[in-house]
Amino acid sequence: MKENGTVISHEHGELHAALADNAWLQVAQATSAAGRFAKKTQTIVGLEVRKLRHDSTELVTRAIQPALWLLIFGEVFSQVRAIPTGNLRYLDFMAPGILAQSVLFIAIFYGIAIIWERDLGIIHKLLVSPTPRTALVLGKALSAGVRGLTQAVIVYALALLLGVQVNWNPWALLGVLVVVVLGSALFSSFSLIVACIVKTRERFMGVGQILTMPLFFASNAIYPIAIMPHWLQVIARGNPLTYEVDALRTLMLNGGESIYGLLPDFGVLLGATTILVVLAGRMYPNVVR
């Protein structure tokens, strides 16, 4: 009997050891797959960033829009004082909104590059490669984030010039960078989805123009949600740009206060970005059909 018990105990020990080895193997495989995914995503980001480096004039032209909004619209409405902004000057209140707007305007037209790449045959080469579709989309989304960071530098420089009370705390600056990258990734992924649906440059430009203005004006970028009519407040609370602006206003300004809380702001941005990246990855092959 003792021998049988010893045999059974030995078999149980071998079973547990086999299960443990299998679990470690699965973890190792998952880690390896995640590493390969990250490396391929990084490759796509590198390719996109090199395009920006080869066309540095784009950075200059991108500086014009936030400069006009802050120097003209912001200065005028600071004198009018018709918009209640609590303990913040209107120019201070507006600066984070203009940063979010600049990021939005860059990211929302990112999909047109996909149509250009399809016409040049680049998309066909990417689709026959072993790179996961989601890695392709995420790489392009993160590269849009790099472009968004250039807008952050421009807006910070303008804010400093105009005397905006900027919060220079290193953790706050890091938070702003994360928000800008998430916002860029979110709206560029949305742009890729639109490009996969409309498939032509002409249609995309028309749809892009239709989308940007409602997203911008149905947010808290240049006025508080509290002064909106009730129906517009409902739309604004469902607009991801609202949460991006709320986070930027909290982190970017001395005395900036969050309406929703930084955790919900980051949660909305991260959740929406994840959903759109996955959806865009599934739809990515449709751009060539």
TODO: Confirm whether Ala159 is in contact with a strand residue (DSSP E or B) (Cβ under 8 Å, 6 or more places away or on another chain), under 23 Å from Thr61 (Cα atoms), touching a residue at least 60 places away in the same chain (Cβ under 8 Å) and buried (at least 18 other Cβ atoms within 10 Å of the Cβ).
DONE: yes
- [ ] Mind listing just one residue for me: the one in the range 192-230 that is among the small types (Gly, Ala, Ser) and part of a helix (DSSP H, G or I) and, of those, surrounded by the most Cβ atoms within 10 Å (Cβ to Cβ)?
- [x] Ala195
- [ ] Could you list, in sequence order, all residues of the range 251-263 that are free of Cβ contacts under 8 Å to residues at least 24 places away in the same chain and surrounded by 15 or more Cβ atoms within 10 Å (Cβ to Cβ)?
- [x] Ser258, Tyr260
Task: Qualifying positions in the range 72-86 - assigned to a helix (DSSP H, G or I) and either at pLDDT 75 or above or surrounded by 10 or more Cβ atoms within 10 Å (Cβ to Cβ) (or both) - done: Ile72, Phe73, Gly74, Glu75, Val76, Phe77, Ser78, Gln79
Open item on the list: Can you find, within the range 113-149, the residue that is modelled with the highest pLDDT among those that are surrounded by fewer than 19 Cβ atoms within 10 Å (Cβ to Cβ) and closer than 22 Å to Pro66 by Cβ?
Closed with: Leu149
Task: Residue list for the range 87-112, filter: buried (at least 19 other Cβ atoms within 10 Å of the Cβ) and among the aromatic types (Phe, Trp, Tyr) - done: Tyr90, Phe93, Phe109, Tyr110
- [ ] Could you run through the range 134-164 and say how many residues are more than 15 Å from Val176 (Cβ to Cβ) and part of a helix (DSSP H, G or I)?
- [x] 14
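The values are calculated or read from the model by the stated rules, or taken from the named source; none is laboratory data. All values derive from a computational prediction rather than experimental measurement. Don't worry about glycine lacking a Cβ; one is built from the backbone with ideal geometry, like all the others, and counts go over all protein chains shown.
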